[in-house]
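Engineer: The structure under discussion is supplied below as C-alpha cells; questions concerning it will follow.
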Amino acid sequence: MSPLKNYPQHIEEKLGFDQIRSRVAAFCFGPLGKELTQKASFSTKKDKIRLWLGQVHEWIVLLDGEEQFPEGHYLDISKALNKLNIEGFFLSEDEFHQIRLSLRTIDAAARFFHTHQEDCPLLFELIKEVAPQRQLIQEIEKVIDEEGHIRNNASQELNQITSTIAKYERELHKKTLQIYRKAKEEGWTADTDISVREGRLVIPVLAEHKRKLKGIVHDESGSGQILYIEPSEIIELNNELRELQLERRREIEKILRTLTARLVPEAPALKQFNQKLGVLDFIRAKALFARDMDARVLEIREDEGVDWKKAFHPLLLLHHRVTKSPTLPLNIHLDKEGRILIISGPNAGGKSVTLKSTGLLQYMTQCGFPVPVGDGSVTQVFKQIFIDIGDEQSLDNDLSTYSSHLNNMRHFLHFARKGTLILIDEFGTGTDPQFGGPMAEAILEELNRKNCYGVITTHYSNLKLMANRMPGLINGAMAYDADELQPLYRLEIGKPGSSFAFEVAAKIGLPDSIIQRARKKVGAKQKNVDDLLISLEKEKMEALEQMEKAKNAEAHYERLKMEYNGLKQNLEERRKIILQQAREEAYSLLKNSNSLIERTVRELKETAKNGETKTAQRKELNETRKKLENQLKQEKTIEPKEKPLVGDQVKIIGQSSVGRLLEIHKNKATVEFGEMRTQVDLKRLEKVGRKEARSLKHALGGFDTQKEMAEFKMDIDLRGKRGDEAVKEAIAFLDRAIILGFDKIRVIHGRGDGILKKLIRQEFKQIPAVDRMENEHEDFGGDGITVVYLK
C-alpha cells in the first residue's frame, strides 16, 4: 500500500483551492509572502495545523484591535544576500537600499511583538530571536540616502572628489555656453540647446557650417543635417572632468566593498530575517482574507467527527457578494454513528455544493487557512481526502464516464482506511441503473467497513434504504418546497429526499399525458416510496411553520416576563426608598425633639406626687426612643450587594460609567460600556439598579466611550515638567486608563536624577487599582520609562 496522499493529483483544482490561493496571494505585500501562499501544503499533523491557525487567529485579533501593526517593505533580498558568498563581489547601492528597508521592517515587527507578546504569544515566538537591528541600519544609512543613492559625504575622499566635479562642471558649462552663444550669433547652430554625447558636452551645428567650429564630432542627427561637435576649447576640460568621474566611481566601489564586507558575517541572520518577513506577510494575508469574508479558524478536536455550523462555500460566498445574491449557510454533522452522509434530492437543489463545501473547507483547514463557519464549529484531522467529482472521461485512455468513475472507485477501495474522507458526486451514475445501483451499494458497504468518513450524493433509492438500515451511514436531503417546487438549499440530516422528477417536469411544461404515462411505467413500490417522501416533505414544512410560530410566541412571552420583572424590581426599589425617607424624617424629628422631651420630664418632676411615677414615665420615653433608633439603624444598615449576573447593569466600584455584563469566565467579566467591550475582574463590579443606572447615565450624557477609547494613548510623556505638575497629570492619565478598562500604561519620565520617577511611583503605590510597576525593556527605554500594570 502506497504512502498516504490525497486523490486525485489535481484535487486542489477540483475543489477550487487554487482559487483560494490566488485570493490570499492578492493580500500579500511582497513576493516571499506570495511564494509561501503557493507553497502552502496539506498537513495531517494536529500540532502544526493548530499552530498555523493560532497564528492567523492572533493576527485577526490584531486587525480588529485599535493598535495598528507597523507598515513596512516586504522585499525579497535573498538574491542580494546570496551574492555575499561570492568572493570579490560587492552589492550595489539599490541592493543596500532594499536591505535597509527590510531591516527596518523586521526591526519594527520585532519591537511590536515584544510589546504585545502577552496578546500574541505564537507570533512573538516566531520572531522573538530577532535582535534589534538599529546599529546595522545606521551603518547603511551613513552610506546610502533615503532615495537609494550613495551619500556624497560617505567618505572624506568622495566628498572632496564630488566637490571638485561640481566645480569643473560649472566651469565647463560656462565656457560651453559662451561658445554656443557665439556660434548661434553666427548662425552656425541648429534650433536645439547644448546636448550631451558619450558623457561630454557638445554643440548642435548645422552640417554646412561644420568646418567653421573646430572640435571633435561625436554624433549626427538621423537626417545628417545636424552634427554634435565638442569644441576644441573644452576638450581638455572635458577630459579632466571624465577622469574625476572615473575616480569618483572607484571611490564609490571602495565604499561599497567595505560595506559589503561588513554584511558578510551577518548574512545567515539576514537570510533568516528575510524568511521570517515572508512568513509574517503570509500570515497577515490569511488574516486579511479571513476578515474579507468573515471567516474564522476552526477548532481541531482530539476525537473523531465534523460539526460545521452556518458553513459557507468560500468561493460561492465571494461570488454572491459581487452579484449581491443571498448565500444560505449549511449545517454539516458527521460522527461515529453517522460517518458517511448520503445526500439525495432534486437536481439543482444544492447537493453538489454541499459536497464541495465539505471538501474545500476541510482542505483549507488542514492547510492552515481560516474558513467561513459559525461559532462552535469543530472538525477532526483527516489523513487523506479522496474525491470523485465531475466527468473524468478521457479519449486518450479510452475511458467512458462510468469507466472513469470505476477507476476512481478502484483507488478508493485499495487505499481508503480509517481517517480517510471520501467525497463522491452522483454515486453510481453513468450506466444502467439496474446494475449501477447494486454496484454502488457493494462499493459503499466496503468503504463503510473501512470506517471512512464522507459525503455522497445520489438519486438511487437502494442507497437511501441502505443508509437507513446500516450503522455508520446516515441519510440527508436538500430541503425542497413541494408546493412551490422550489429548492430551499438547506441540508436536513436524518431523512432521504425525493428527486421530484414528475413535479419538476410538470413545472417545466412537459405535456401532462407524457408525465402520466411515465408514472404508470414506474413500479408501484418505487412510486409509493417517492410519494411517501414528498408527503413527508410537505408535513415537515408545515411542522417547521408551527415551530416558528411557537418560537415567536415564546419570545413574546419572555419579553413580557422581563418587562414584568423589571417593573416589579422598580416598584420594590421605590418602596424601599420611600420607607427609608420616612424613617429618616422620623429619626430627624426624634433628635430635634430631645429638648422637648427633657422639658416634659422636668414638668412631670415638678408636678409628680411620688418618684415612682416619674421613673416609670422616663423609662417609657427612653424605651420608645431606643426602639425607634434601633429600628432606623437596622433599616440604614447597608444590604450586601447582589453578585452581578450576565445581563445585569453594572459599574466598576468607584466609577460612574454604567455598562451591561455580557459574559463571566472564572473571575473575569466581559462588560459592554456603550459600543466598547472590556474585561475586568468580577470583584471590581457591582450591580446597579435601574433608577441608579438612569441617574448615572444622565450624569455621564456627554461621555463618548468609543471616542475616548479611540483617542486614548497608552503612553504619557512627562519629561521636562515640574514634580507636582507631572504627578497631577500622571494620576489623571491613570484614572482615564482605569475607567476605559486598559490593563497597562507607560509613563515616560526620563532618567535624570530619578526624582520624577520616584515621585510618580510613590503616588501610584497608594492607588488600589495598580498591580505592579516595572522598568521598560532596555531596548525600549529602560529605567527612563515605567510600565504600570493595572488589576
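The values are calculated or read from the model by the stated rules, or taken from the named source; none is laboratory data. The structure presented is a predicted model; accordingly, all values stated were derived computationally and were not measured. Every residue, glycine among them, receives a Cβ derived from its backbone with ideal geometry; neighbour counts consider all protein chains shown. The accessibility values were calculated without ligands, DNA or RNA, using every heavy atom of the protein model including side chains. Shrake-Rupley method; radii C 1.70, N 1.55, O 1.52, S 1.80 Å.
Engineer: Among L101, L734, what's the order by accessible area (1.4 angstrom probe), most exposed first? Don't skip to the answer; put the middle values down first.
Structural biologist: On the way: L101 25, L734 0 Å².
Output order, biggest surface exposure first: L101, L734.
Engineer: Can you give me the C-alpha center-to-center distance between the stretch 18-83 and the stretch 175-228, rounded to a whole angstrom?
Structural biologist: The stretch 18-83 and the stretch 175-228 have Cα centres separated by 59 Å.
Engineer: Still on this structure, please answer the following. Taking the inverse of the average 1/r across all pairs of different Cα atoms in the stretch 75-135, what Kirkwood radius in Å do you get? Don't skip to the answer; put the middle values down first.
Structural biologist: Details: mean 1/r = 0.0763 Å⁻¹.
Result for the stretch 75-135, one decimal place: 13.1 Å.
Engineer: Taking the Cα centre as origin and putting +1 on Lys and Arg beta-carbons and -1 on Asp and Glu beta-carbons, what dipole magnitude results for the stretch 302-357, to the nearest 20 debye? Please report the intermediate quantities before stating the final value.
Structural biologist: Values: 8 positive and 6 negative charges, 104 e Å.
Using only the charged Cβ atoms, the result is roughly 500 debye.
Engineer: Beyond 20 Å, what percent of the Cα pairs of the stretch 160-304 remain? Mind showing how you got there, number by number?
Structural biologist: Details: 7032 of 10440 pairs.
Beyond 20 Å sits 67 percent of the P(r) for the stretch 160-304.
Engineer: Taking only the alpha-carbon atoms of the stretch 80-225, what semi-axes of the equivalent ellipsoid follow from 5 times the gyration tensor eigenvalues under a square root, in whole Å, largest first? Kindly include the intermediate steps, with their values, before the conclusion.
Structural biologist: On the way: eigenvalues 606, 55, 42 Å².
Whole-Å semi-axes of the equivalent ellipsoid: 55, 17, 15.
Engineer: Which values of log₁₀ I(q)/I(0), to two decimal places, follow from the Debye formula for the stretch 90-173 at q = 0.16 Å⁻¹ with a uniform point scatterer at every Cα?
Structural biologist: -0.73
Engineer: Restricted to Cα positions, what overall size does the stretch 50-100 have along the principal axes? Three whole-Å values, descending.
Structural biologist: 48, 25, 9
Engineer: Relative to the Cα centre, what is the charge dipole magnitude of the stretch 173-257, using +1 at the beta carbon of each Lys and Arg, -1 at the beta carbon of each Asp and Glu, and rounding to the nearest 20 debye?
Structural biologist: Numbers: 17 positive and 16 negative charges, 45 e Å.
Dipole size: approximately 220 debye.
Engineer: Taking the full set of protein chains and a 1.4 angstrom probe, give the accessible area of Y168 in square angstrom, rounded to the nearest 10.
Structural biologist: The accessible area comes out at roughly 60 Å².
Engineer: Under 5 Å between amide H atoms, partner at least 5 residues away or on a different chain: which partners does C367 have, H built in plane at 1.01 Å?
Structural biologist: Under 5 Å from the amide H of C367: S43.
Engineer: Further question on the same structure: For the stretch 74-129, which whole percent of the accessible surface, found with a 1.4 angstrom probe, sits on carbon and sulfur atoms?
Structural biologist: Values: 1320 of 2630 Å².
It is 50 percent, rounded to a whole number.
Engineer: Mind checking which of I443, G390, T365 is farthest towards the positive end of the stretch 315-468's charge dipole, using Cβ charges of +1 (Lys, Arg) and -1 (Asp, Glu) about the Cα centre?
Structural biologist: About the Cα centre, the residue reaching furthest to the positive side is T365.
Engineer: Leaving out ligands, DNA and RNA, what percent of the accessible area of the stretch 220-368 is carbon and sulfur, probe 1.4 Å?
Structural biologist: Details: 3280 of 6430 Å².
The value for the stretch 220-368 is 51 percent carbon and sulfur by accessible area.
Engineer: Give me a comma-separated list of calculated 3J(HN,Hα) values for the stretch 225-230, in order, Karplus coefficients 6.51, -1.76, 1.60 applied at θ = phi - 60°, integers in Hz, x for any Gly or Pro.
Structural biologist: Using θ = phi - 60°, the values come out as 7, 10, 10, 9, 10, 8 Hz.
Engineer: How do R200, R519, R291, R211 rank by accessible surface area computed with a 1.4 Å probe, from largest to smallest? Write out the running numbers ahead of the final one.
Structural biologist: Working: R200 35, R519 55, R291 130, R211 205 Å².
Ranked from most to least accessible, the order is R211, R291, R519, R200.
Engineer: Taking Cα centroids, how far is the stretch 743-791 from the stretch 448-491 in Å?
Structural biologist: The two parts, judged by their Cα centres, are 65 Å apart.
Engineer: Next question, about the same structure. Taking a 1.4 Å probe, which of I748, I755 shows the most accessible area, and what order do the others take after it? Don't skip to the answer; put the middle values down first.
Structural biologist: Values: I748 30, I755 110 Å².
Sorted by accessible area, descending: I755, I748.
Engineer: Okay, next question. Using the heavy atoms of the protein chains alone and a 1.4 angstrom probe, what is the accessible area of the stretch 244-331 per residue in square angstrom? Please list the in-between numbers first.
Structural biologist: Numbers: 4380 Å² over 88 residues.
Accessible surface, normalised per residue, equals 50 Å².
Engineer: Hey, what's the stretch 92-240 come to in accessible area per residue, 1.4 Å probe, Å²? Working shown, then result.
Structural biologist: Details: 8310 Å² over 149 residues.
About 56 Å² of surface per residue is accessible.
Engineer: Still on this structure: Taking a probe of 1.4 angstrom, what is the accessible area of E492 in Å², to the nearest 10?
Structural biologist: Answer for E492: close to 10 Å² accessible.
Engineer: Please work out the average accessible area per residue across the stretch 426-497, using the 1.4 Å probe convention, and give it in Å².
Structural biologist: Working: 3030 Å² over 72 residues.
Counting only protein heavy atoms, the per-residue value for the stretch 426-497 is 42 Å².
Engineer: Could you tell me the accessible area of S22 in Å² (1.4 Å probe, neighbours in place), rounded to the nearest ten?
Structural biologist: Per-residue accessible area (S22): approximately 70 Å².
Engineer: Next question. Can you give me the % of accessible surface on the stretch 161-212 that is carbon or sulfur? Probe 1.4 Å, all protein chains present, nothing else counted. The partial results should precede the final answer.
Structural biologist: Numbers: 1580 of 3430 Å².
Carbon and sulfur together cover 46 percent of it.
Engineer: Roughly speaking, what % of Cα-Cα pairs in the stretch 308-347 are separated by over 16 Å, rounded to a whole number? Walk me through the numbers before you get to the answer.
Structural biologist: Working: 424 of 780 pairs.
In whole percent, the share of Cα-Cα pairs in the stretch 308-347 beyond 16 Å is 54.
Engineer: Out of residues 5 or more away from D388 or on other chains, whose amide H comes under 5 Å of its own, with H placed 1.01 Å from N in the peptide plane?
Structural biologist: Under 5 Å from the amide H of D388 lie the amide H atoms of L423, I424, D425, each far enough along the sequence or on another chain.
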